[in-house]
Structures are given as C-alpha cells and as structure tokens.
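Notes to accompany the following structure.
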Amino acid sequence: MDIDHWLATVADTPFTQESNPCSDLVEVAERLALANLDEPLHISTLCRTLEISERTLRKAFHKIRGLPPCRHLRMLRLSQARRALLGADAKRATVTEIATCFGFVELGRFSVEYRKVFGESPSQTLHRVPARKILLVNSTVQNSLTFGI
C-alpha cells in the first residue's frame, strides 16, 4: 500500500460523535503510539497498556482502518518522520537522529520501508531543497534580471 492510498483510506474513514468502542480504542492506541515516538513500537506493550488482547486490537484496527495495527501505526510514525526530515536542516540533523527519534531502531529496515512508501530514500528527503527556498531563490534571481521593456 502506498502513502496516497493509505492517506485516502484514513481521510475517507467516517468519524461520528457517537461513542464507538472500536473507534475509541483505535484513537487511544494511535495517541499512545504517537506520544511515545522515541520508543520502538511494540503491539504487545501497547495491548498491555490498554489492557486488551492483541486480537481485540487487531479486530478494532481492521474494522476502523482496514489495516493491522502495526502497519497503520508504523505508517503514522513514517509520516511523522517524513515531516521531520522535510523540515530539518541537513547540515544539523541526520537521518539516523530523526529515525531514532521516531522509534525506528533498525535503520536499514526504516530506509527500505521509507523508500517503498515515499519513493525516495530518507537521505534524499532530508537533502531536498524545500519549495519555499526554491521560490525565494527564483524570485531573487528574477528581481536581479533586467529586461529591456
């Protein structure tokens, strides 16, 4: 599953004001997974914290998100890591620092999964020039040019 399909799935998920035990459980699990970003994600630990079985968590995630909890929560963390990589200064931050801040301790696996999802390596993302800087450079260059009008 690529990131666009995953994001579309999440965006199309209906949320109602009525209390739904499955959606409430999924919401709390997501908050817990994102609250402890610097720690590796272990579904067994999450289940112990929530005082539920892994089967219950798996069924709730399949019902609400259509994905197993581990995959969905890793996608959330990958998305957070991507945001951090896009916003980081490549001269001050490294992929390793950012990946470990989001609980990814197996860096090779992180890189492979990241490339599968986003179509580029984490290093490429980190070193990408943000669109704002490109526009600023282009407008600066444009303003310095004189045209015979």
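Brief remarks follow.
- In terms of other Cβ atoms within 10 Å, CYS70, CYS101 run from fewest to most in the order CYS101, CYS70.
- Counting beta carbons within 10 Å around each of LYS59, LYS116 and listing the fewest first gives the order LYS116, LYS59.
Taken together, the values in this text are just the output of simple stated rules run on the coordinates, not laboratory data. Values in this document were obtained by computation on a predicted structure and should not be read as measured data. Counting neighbours? That spans all protein chains shown, and the Cβs are built from the backbone with ideal geometry, glycine included.
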